[in-house]
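Written out below as structure tokens is the structure these notes cover.
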Amino acid sequence: MSTAFDPRNHRPTGDELAGRVIAITGASAGIGRSVALACAQHQGQVILIGRNAGKLETVHAEILATGAPEPAIAVLDLERALAGDFDQLADAVLERYGRLDGLLHNAAILGTLAPIEHYDVPTWCRVMHVNVTAAFALTQVLIPALKKSADASVVFTSSGVGRQGRAYWGAYAVSKFALEGLSQVLAQELEGISHVRVNTLNPGRTRTAMRRQAYPAEDLETLPPPASLASAYIALLGPASRGHTGQCFDAQPLATASAPDSSAASSS
């Protein structure tokens, strides 16, 4: 990780994201919701992407209530979406905004915690599809919009188990390793030919529904809330991270981030 830039130390200014259009997957709950609210608070134009229209409308209303720029809603079920659904979203972004300045991939599913020897194959395929293939497909169709930005950023929510393998984390861990690789490949492909940077961020142990699913006996109140990570995400999605691409970052202090974690990403 770069010693010159650390998103954990970032303190965003009030209008840091003014004029930026930022799409966020998994925006209806958990980290995705918190980052969406924070981006809007810092004057970003947010596109809320998720599979549950009702929950997205709730986040939409929360943002409007703060007086922030009105967000857009894009209902997209990453598990069941077809090619046309991805294309339709990309076309709508270009038609409405003419570009895309930020893309946060936060939606994910956990699957099951089980040894590889006994891992259910359909569950494996589902996790890999939602966490990796759908993220790839969405990124691919949005690259033209990202290239039209003068300063664009793609951020993948990663995980400690996607950087150091851990027994029984199965498809989830493998999917996060895959996102790290996708981020590095894409960063190299876009560097020098566009103003698009690509990085990953490991949120660490966070108070989310996915964390409860992974550790049902844990006291969630002892963990940092999703809102505490927002500044790190803003650092990567906004101008603070200019010049930094193809890197992996942490959102929490190393001692915290290295403890057993489920990445705390919102489920899609």
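The values are calculated or read from the model by the stated rules, or taken from the named source; none is laboratory data. Keep in mind the model is a prediction, meaning the values are calculated, not measured. Here Cβ is always computed from backbone atoms with ideal geometry, including for glycine, and neighbour counts include all displayed protein chains. Side chains are part of the model used for accessible areas, which takes the heavy atoms of the whole protein and leaves out ligands, DNA and RNA. Shrake-Rupley method; radii C 1.70, N 1.55, O 1.52, S 1.80 Å.
Some observations on this one:
- Scope the range 150-170; condition buried (at least 20 other Cβ atoms within 10 Å of the Cβ), over 16 Å from the mean Cα position of the chain (by Cα) and in a loop (DSSP other than H, G, I, E, B); matching residues: 169
- Residues in the range 171-193 that are within 12 Å of residue 245 (Cα to Cα) and either outside any helix (DSSP H, G or I) or at pLDDT below 95 (or both): 191, 192.
- If the condition is being among the acidic types (Asp, Glu) and open to solvent by 60 Å² or more (accessible area, probe 1.4 Å), then the range 195-253 contributes 219, 221.
- Condition check for residue 179: closer than 27 Å to residue 142 by Cα, touching a strand residue (DSSP E or B) at 6+ places or on another chain (Cβ under 6 Å) and of a type in the set (A, V, I, L, M, F, W, C): yes
- Any chance residue 123 is open to solvent by 10 Å² or more (accessible area, probe 1.4 Å), at pLDDT 95 or above and of a type in the set (Ser, Thr, Tyr): yes
- Qualifying helices (runs of 4 or more DSSP H) (wholly inside the range 1-110; at least 3 residues being open to solvent by 10 Å² or more (accessible area, probe 1.4 Å) and in contact with a strand residue (DSSP E or B) (Cβ under 8 Å, 6 or more places away or on another chain)): 53-65, 83-97
- Positions within the range 16-49 being farther than 17 Å from residue 152 by Cα and charged (D, E, K, R), in sequence order: 33
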